[in-house]
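The values are calculated or read from the model by the stated rules, or taken from the named source; none is laboratory data. Computed from a predicted structure; not experimentally measured. Reconstructed Cβ throughout: ideal geometry from the backbone, glycine too, with neighbour counts over all protein chains shown.
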Amino acid sequence: MPRVRNPMIRTLIDLRGNGRASVYTEPLWGLSMMLVLPYASVFMLELGVRDEQIGLLATISILSQVIFGLLSGVITDKLGRRMTTAAFDIIAWVIPCVVWALAQNFWWFLAASVINGAWQVTQNSWDCLLVEDVDRAEIPRVYALVKAAGEFSALFAPIAAFLVSGFGLEIAVRILYANAALIMTLKIWLLFRYSTETATGRVRMAQTKGVSIWRSLSEYRGVLGLIVRSKGTLFSLSIAAIVGAVALVNATFWQLAINQRLSVPDALLPFFPMVRSLLSLLFYFTLIPLLTHSKQLRTPTLIGFAVYLAGQALLVATPVPDGEAQLSTYALLGGCLVLDAFGGAMLFMLAESLVALHVDRDERSRVMAIQRTCVMLVTAPFGWISGWLSGMDRSWPFLLTSGLLILGILVAGLMWVTTHDDAPTATTPTVPTNP
């Protein structure tokens, strides 16, 4: 049988064990949450939640994630990667989806946001489940596959548009949230059924058996020292924080901006993330592997920041139409989608990979818990700030993201730090060693 030449497809076919279970079940995330996310902010607006309150909810969600994120390493070590992922996926997604489906006002969204913050626990445990038994050389590709698997479900975005056209925005979104609760339940069961506890997870479970959570938390002082002494970890955290802040603003206000500022009709909203997702898929299997095939990842990171910056600037520069969105409006938004799809896909893969490659492997769960907590503390204010800016002008949040992306270019260009010295040799060229 001839060997597949495309590195992404080869990795997808060759995945085994937990890597396969994690990647192969990921499209179900898109069939659940990705169908409803394009309408999340508009749905809140429909129920009387103001721009400032939407931004406040984003910040409160981040603060909830900070608390759960700090506990995530201890919980993941004590319960194991597999059990933690199953239990906290139910808490973080199934329960909030039910609350969102029944929401009536700001307070319902507040309750769901606080509960949904528990996803930081499962993010830690799921990351460990995903990569701990995977060859380090494959980590960047595995994260790219995870993102691609989620984007694949964009093909089903017309379902959301059909529901909105047929039932109206409010009823359709409630149906989509109920669907998300059911599909996420299926995803949780499949991942639990076809995964096993990792080797590192079994060791950490044995080491923490009989140790109280409070004592484990007190040991974070030593883990924090590992982070502070590692220039590579601090650098990767800086990149992750910038990318996270930009993603937070875009996830909260991009759809709101094109709907309320550029007059894109409600029924067309899901087609924009659908097109962005399909473009991301295309880039993941074509251009991105070409740019990231070597050990030198600084240049691809700079390219990702620059292209994403161009997309944000184009959105700000798009003229407000007189009445309904015009053909020129959709053409400019199409350019935004191309630039955002490439830049966002590149930066997601590289930001996650850099954090995973710099982390201390023996203390992965606790180090990543502190890392995520630090990133969220830095990211949290941007929800409220962007909501305040959006209340004045719905293009202003993207002036903020443009500034953040310029900062990312400076950090990646001037402060780049190599990964661990034990990176693979030229026979496995996807893990970076030198810029």
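Quickly run through region 139-175 and pick out the residues that are under 30 Å from Arg20 (Cβ atoms), of a type in the set (Ser, Thr, Tyr) and either at pLDDT 75 or above or touching a His at 6+ places or on another chain (Cβ under 9 Å) (or both). If the condition is that a residue be under 30 Å from Arg20 (Cβ atoms), of a type in the set (Ser, Thr, Tyr) and either at pLDDT 75 or above or touching a His at 6+ places or on another chain (Cβ under 9 Å) (or both), then Tyr143 is the only one that fits. Cβ separations smaller than 7 Å between residues 6+ apart or across chains give the following pairs from region 182-210 residues that are touching a residue at least 24 places away in the same chain (Cβ under 8 Å) to residues that are part of a loop (DSSP other than H, G, I, E, B) and among the polar types (S, T, N, Q): Lys187/Thr25; Leu190/Thr25; Leu191/Thr25. Please go through region 398-409 and give me each residue that is more than 16 Å from Pro319 (Cα to Cα) and in contact with a helix residue (DSSP H, G or I) (Cβ under 7 Å, 6 or more places away or on another chain), ordered by number. Within region 398-409, Leu400, Thr401, Ser402, Leu404, Leu405, Ile406, Leu407, Gly408, Ile409 meet the criteria. The number of residues in region 314-336 being aliphatic (A, V, I, L, M) and closer than 17 Å to Pro397 by Cα comes to 6.
Has region 372-386 got at least one residue that is over 16 Å from Gly343 (Cβ atoms), in a helix (DSSP H, G or I) and free of Cβ contacts under 8 Å to residues at least 24 places away in the same chain? Looking through region 372-386, none of the residues is over 16 Å from Gly343 (Cβ atoms), in a helix (DSSP H, G or I) and free of Cβ contacts under 8 Å to residues at least 24 places away in the same chain.
Each row is one residue, and each column tells you yes or no for (1) aliphatic (A, V, I, L, M); (2) more than 21 Å from Ala206 (Cβ to Cβ); (3) at pLDDT below 90.
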{"residue": "Arg82", "(1), (2), (3)": "no, no, no"}
{"residue": "Pro96", "(1), (2), (3)": "no, yes, no"}
{"residue": "Ser113", "(1), (2), (3)": "no, yes, no"}
{"residue": "Gln123", "(1), (2), (3)": "no, yes, yes"}
{"residue": "Cys128", "(1), (2), (3)": "no, no, yes"}
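Can you find even one residue in region 341-350 that is at pLDDT 90 or above, more than 28 Å from Arg141 (Cα to Cα), crowded, with 18+ Cβ neighbours inside 10 Å and among the hydrophobic types (A, V, I, L, M, F, W, C)? Scanning region 341-350 turns up no residue that is at pLDDT 90 or above, more than 28 Å from Arg141 (Cα to Cα), crowded, with 18+ Cβ neighbours inside 10 Å and among the hydrophobic types (A, V, I, L, M, F, W, C). Looking at this structure, is Val121 crowded, with 24+ Cβ neighbours inside 10 Å, touching a residue at least 12 places away in the same chain (Cβ under 8 Å) and under 27 Å from Asn250 (Cα atoms)? Taking the combined requirement at face value, the residue satisfies it.
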